[in-house]
Ligand SMILES: Cc1ncc(COP(=O)(O)O)c(C=O)c1O
């Protein structure tokens with residue numbers, strides 16, 4: 001279901017909430033199916049999947065206790081637990097030298113990264129804002145960067161003009177060797193080359209920017225290296241793919257969004273940095289009614305009053321262990337490989353640009369101009385077998401269907417049914 005029915009809209013608009021409505025909860029629960037069921041075996045949409053039973057219990061406990069995590073003293077055990085969860089994941093993702101803080105998601109984590117880079121560039125940033133910088137900041141991205149980076153540039157006051165797209169291949173992967181010339185042009189114009197953002201797992205194809213090469217180039221060019229591993233961070237939690245994620249430890253900051261990978265509710269992101277003192281430089285304000293310690297959560301993150309967002313993840317970790325989560329991630333990877341090979345066997349082009357379980361597909365026999373219509377028809381055939389997948393576009397404008405494996409219920413038989421339907 002992707003559109004609101006006329007009856008449902010009328011029922012919503014009839015709600016006035018003037019007095020108690022004993023039938024409301026029952027009605028809503030019966031209607032709640034009117035959202036895309038991301039836990040369905042044949043949901044092949046965006047990477048956020050099933051919320052497991054343990055994570056659901058964690059979310060219920062978070063709501064029941066409703067602790068306030070602006071400071072540690074309100075809920076010291078839960079605050080320490082969140083720090084431990086961030087550390088345990090961080091050890092796998094970026095290594096022990098990085099410090100993790102909780103964000104609302106990857107968008108906020110990307111914003112925090114830009115602000116840290118500003119603070120690294122000038123000790124006066126917190127006081128003087130952009131005027132403290134030695135030029136207009138420039139942020140280097142691939143052609144398939146997530147648009148949350150553009151939003152972050154706006155929120156940070158850089159403006160869209162700060163976003164500089166570095167030459168990328170046809171799948172939106174940044175060409176590391178092309179960075180230096182764009183940076184050189186900007187320097188010649190008096191701008192301030194500030195950050196290179198590597199995307200580790202693009203939203204379109206799960207493609208990986210070359211983080212190690214960008215770390216080398218970035219260091220040479222004096223740039224902050226931020227890696228948006230919102231989704232691709234998954235590779236660090238699967239022994240077979242962990243070596244690919246090794247270069248994340250070289251980054252100045254890394255975004256990771258557990259709901260895109262593990263069975264936890266949306267709204268719990270992480271930002272890791274090797275320079276935690278800059279978190280204090282950017283977010284450290286005093287409040288006369290709160291403890292003075294400089295590393296309290298309210299003084300090191302954009303949030304103030306906030307829920308224990310990592311509690312559902314702590315429950316999921318305790319229920320399965322990292323080893324159990326690894327089994328889930330590896331199983332999805334294998335289903336992604338199966339999907340790509342089955343598509344190829346049916347003579348459909350399968351763009352499978354990383355071990356992440358994301359595959360772009362199209363029928364190469366259909367002329368490019370006719371492709372969007374043919375893909376819409378293929379998506380409709382998929383829908384007739386209960387499968388859902390979206391139409392996306394590469395940076396070049398080329399249209400594709402994208403299938404991602406997210407649901408823990410998905411089996412090879414579901415993948416085969418999808419491929420049969422797509423192949424017509
Ligand atoms: C690579 C990447 N970065 C950032 C985001 C934004 O993340 P969030 O929705 O958690 O703010 C997404 C969302 O799909 C993404 O795929």
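Selection of the range 266-302 for residues being within 16 Å of the ligand (Cβ to nearest atom) and surrounded by 21 or more Cβ atoms within 10 Å (Cβ to Cβ) yields 268, 269, 270, 271, 272, 301. Would you mind telling me which numbered condition in (1) more than 14 Å from residue 142 (Cα to Cα); (2) without any contact (Cβ under 8 Å) to a residue 24 or more places away in the chain residue 175 fails? Every listed condition holds for residue 175 apart from (1). Mind checking which residues of the range 253-282 are farther than 24 Å from residue 332 by Cβ and in contact (Cβ under 8 Å) with a residue 40 or more places away in the chain? Passing the criteria: 253, 271, 273, 274, 275, 276, 278, 279, 281, 282. When 263, 252, 257 are checked against the criterion of being within 18 Å of residue 87 (Cα to Cα), crowded, with 22+ Cβ neighbours inside 10 Å and away from the ligand (no atom under 15 Å from the Cβ), a single residue qualifies: 252.
A single entry from 195, 183, 227 fulfils the requirement of being within 20 Å of residue 122 (Cα to Cα), in contact with a strand residue (DSSP E or B) (Cβ under 6 Å, 6 or more places away or on another chain) and not in a helix (DSSP H, G or I): 195. With respect to residue 413, determine if the residue is over 22 Å from residue 201 (Cα atoms) and assigned to a helix (DSSP H, G or I). Taking the combined requirement at face value, the residue satisfies it.
Filter the range 198-220 down to residues that are within 15 Å of the ligand (Cβ to nearest atom) and not in a loop (DSSP other than H, G, I, E, B) and give me whichever is surrounded by the fewest Cβ atoms within 10 Å (Cβ to Cβ). Across the range 198-220, the extreme among qualifying residues is 208.
Restricting 21, 37 to residues that are more than 16 Å from the ligand (Cβ to nearest atom), without any contact (Cβ under 8 Å) to a residue 60 or more places away in the chain and closer than 24 Å to residue 357 by Cβ narrows the list to 37. When the range 1-42 is filtered for residues that are in contact with a strand residue (DSSP E or B) (Cβ under 8 Å, 6 or more places away or on another chain) and modelled with pLDDT of 95 or more, only 42 remains.
Inside the range 376-403, residues that are part of a loop (DSSP other than H, G, I, E, B) and out of contact with any helix residue (DSSP H, G or I) (no Cβ under 9 Å at 6 or more places or on another chain) make up a count of 4.
Of all residues in the range 30-53, those that are more than 26 Å from residue 310 (Cα to Cα) and not in a loop (DSSP other than H, G, I, E, B) total 2. If you scan the range 89-113, which residues turn out to be surrounded by fewer than 24 Cβ atoms within 10 Å (Cβ to Cβ) and over 24 Å from residue 314 (Cβ atoms)? Across the range 89-113, the qualifying residue is only 111.
Has the range 262-277 got at least one residue that is more than 19 Å from the chain's Cα centre (by Cα) and part of a helix (DSSP H, G or I)? Yes, the range 262-277 contains at least one residue that is more than 19 Å from the chain's Cα centre (by Cα) and part of a helix (DSSP H, G or I).
Counting just the residues of the range 172-197 that are within 16 Å of the ligand (Cβ to nearest atom) and within 21 Å of residue 116 (Cα to Cα), which one comes out surrounded by the most Cβ atoms within 10 Å (Cβ to Cβ)? Among those that are within 16 Å of the ligand (Cβ to nearest atom) and within 21 Å of residue 116 (Cα to Cα), it is 196. Hey, residue 372 hits all of (1) touching a helix residue (DSSP H, G or I) at 6+ places or on another chain (Cβ under 8 Å); (2) outside any loop (DSSP other than H, G, I, E, B); (3) surrounded by fewer than 21 Cβ atoms within 10 Å (Cβ to Cβ) but one; which does it fall short on? Checking residue 372 against (1) touching a helix residue (DSSP H, G or I) at 6+ places or on another chain (Cβ under 8 Å); (2) outside any loop (DSSP other than H, G, I, E, B); (3) surrounded by fewer than 21 Cβ atoms within 10 Å (Cβ to Cβ), the one that fails is (1).
The single condition among (1) in contact (Cβ under 8 Å) with a residue 12 or more places away in the chain; (2) over 29 Å from residue 326 (Cβ atoms); (3) in contact with a helix residue (DSSP H, G or I) (Cβ under 6 Å, 6 or more places away or on another chain) that residue 419 does not satisfy is (2).
The values are calculated or read from the model by the stated rules, or taken from the named source; none is laboratory data. As the structure is a prediction and not an experimental result, all values here were calculated from the model. Note: ideal-geometry Cβ built from the backbone for every residue, glycine included; neighbour counts use all protein chains shown.
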